[in-house]
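Reviewing the structure listed below.
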Amino acid sequence: MKVLVSVFNNLYTDQRVEKVCRTLHENGYEIELIGNSWEGLPAMERPYPFTRIILKSKNLKSAYPEFQYKLYQELIKRANSKTILLANDLDTLLPNIKAGKKLKIPVVYDSHEIFTEQPSVRGRLVQKIWRSLEKHLMKGVKYMMTESFSYAEWFHKKYGVKPVVIRNIPFKISEEIDFPSNKTKVILYQGALNQARGIPQAITAMHLVENTVFKIIGDGPQRSDYEKVARDENLLNKKVFFLGKMKPEELRKVTKTADVGISVEENGGVSYLYSLPNKIADYIQSHVPIVMINFPEMKRVYNEFKVGEMIENHQPETIADAINKVLSNGRNYYRTELNRAAEVLCWENEEPKILQLFKKIETENFH
């Protein structure tokens, strides 16, 4: 059985798509992955074929329709009667639904977030356009995956679908993790440097945390803004360090050396509010205690596993108090709960749900 997977990015850092493709590939599915050239064409290797559609557009406004038009042509060209189409996020759904109808083959929709509620589109005309498209396309969605239980509830309430929840969490780290004995303690943020991540407040909080450095790993449109905050606070390259984007294997090495991981997103709309940030399970797998905000999915993790401290607001004093509490307790204090959480929050526990969904699709469409 062939699975044609499509996503609007250059594939290089999309760990969720890579993990889903790997799971299907290792379980006998013939995978073909289609992305695009947005943000460049970094060299990469995969154990299955992949294509990146070259985009001529210089801005997202025109890149989306260009990609969708070209993606539809690719899907029609590559699919056959024994193909399942897997659309990642709303920006690939239209060509997949159209191709699925034309070829009479099933489509799976994997919504990594609530696309129409992202901070970058909220309150603008573009949000109305995406919402209208979503409303129209969701009528054609029979099979769906999404990243959190809260997202699943939102989609069910709004469109009546029942998505399978496949959390975007890492493979289990099997080797023993040595806890570092850092003289200067390491506070870590890893992830995209977008708006509403609580980073300026965390930077300011560093004034109230003694004998620490704050490492920020990742890149994104707000990076220069956040660097300016650190510069204005006289902390840049003294106590706050921006390390840029790293390959997953390099990132994991740094994550293991941290004393505290932070995930203090702001409520930039329900897409953020209902998310379970990837970094939560990344910290857990590296046995790093976490300071996290009390959003539903993080609260769900915290209620089951006391893997750190939870905060109620974004005041720098609040963030600093929680960091100081974790540092005072020490990593060892959280070891048992981190161990328990790491056994549960790993990709190995998500894989059976993906395979079960694809088995169901095969049974209902190809037998």
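So here's what we get for this one:
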| read-out | value |
| --- | --- |
| Unit charges at the beta carbon, dipole of the chain: most positive-side option, PRO200, THR318, VAL270 | VAL270 |
| Built amide H within the under 5 Å cut-off of GLU30, gap 5+ | LYS2, VAL3 |
| Part-to-part distance (alpha-carbon centres) for segment 260-324 and segment 164-231, which is given in Å | 11 Å |
| Mean Kyte hydropathy of -0.5 or more with a Cα span along the axis of at least 18 Å, helices from DSSP in the chain | 125-138, 316-329 |
| LYS77 versus LYS58: modelled label distance in nm, points set 7 Å from Cα along the beta carbon direction | 2.6 nm |
| Dipole in debye (nearest 20) - segment 217-315, about Cα centre, beta carbon charges: Lys, Arg +1; Asp, Glu -1 | 320 debye |
| Dipole magnitude (debye, nearest 20) for segment 214-262, charges at Cβ of Lys, Arg, Asp, Glu | 180 debye |
| Estimated [θ] at 222 nm from DSSP helical runs (n ≥ 4, -39500 (n - 2.57)) normalised by residues in the chain, nearest 500 | -12500 deg cm²/dmol |
| Shape of segment 147-274, Cα gyration tensor, a/c cut at 1.5 | oblate |
| Positive dipole terminus of the chain, leading residue within ILE169, SER57, ASN349 (C-beta point charges) | SER57 |
| Selection of GluC sites (Glu not before Pro), segment 285-340, meeting DSSP coil and at most 13 other Cβ within 10 Å | GLU312 |
| Whether segment 185-344 is rounded, prolate or oblate, judged on the alpha carbon gyration tensor where a/c under 1.5 counts as rounded | rounded |
| Check: segment 244-367 dipole with +1 on Lys, Arg Cβ and -1 on Asp, Glu Cβ, in debye | 300 debye |
| Residues with amide H under 5 Å from that of LEU236, placed H, sequence gap 5 or more | ARG231 |
| Amide H within-cut-off set for VAL164, under 5 Å, with H built and near neighbours excluded | MET144, MET145, THR146 |
| Top of ARG124, ARG167, ARG22 by mean-square fluctuation, Gaussian network on the chain, Cα under 10 Å | ARG124 |
| Subset of LYS77/LYS102; LYS157/LYS360; LYS172/LYS279; LYS185/LYS299 violating a 18 Å alpha-carbon distance limit | LYS157/LYS360; LYS185/LYS299 |
| Relative packing of peptides 218-229, 35-46 - highest average C-beta neighbours within 10 Å first | 218-229, 35-46 |
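Quick note: the coordinates plus some simple rules give every number you see, no bench work behind them. Being a predicted model, the structure only gives us computed values, none of them experimental. Neighbour counts run over all protein chains shown; Cβ positions are idealised from the backbone, glycine included.
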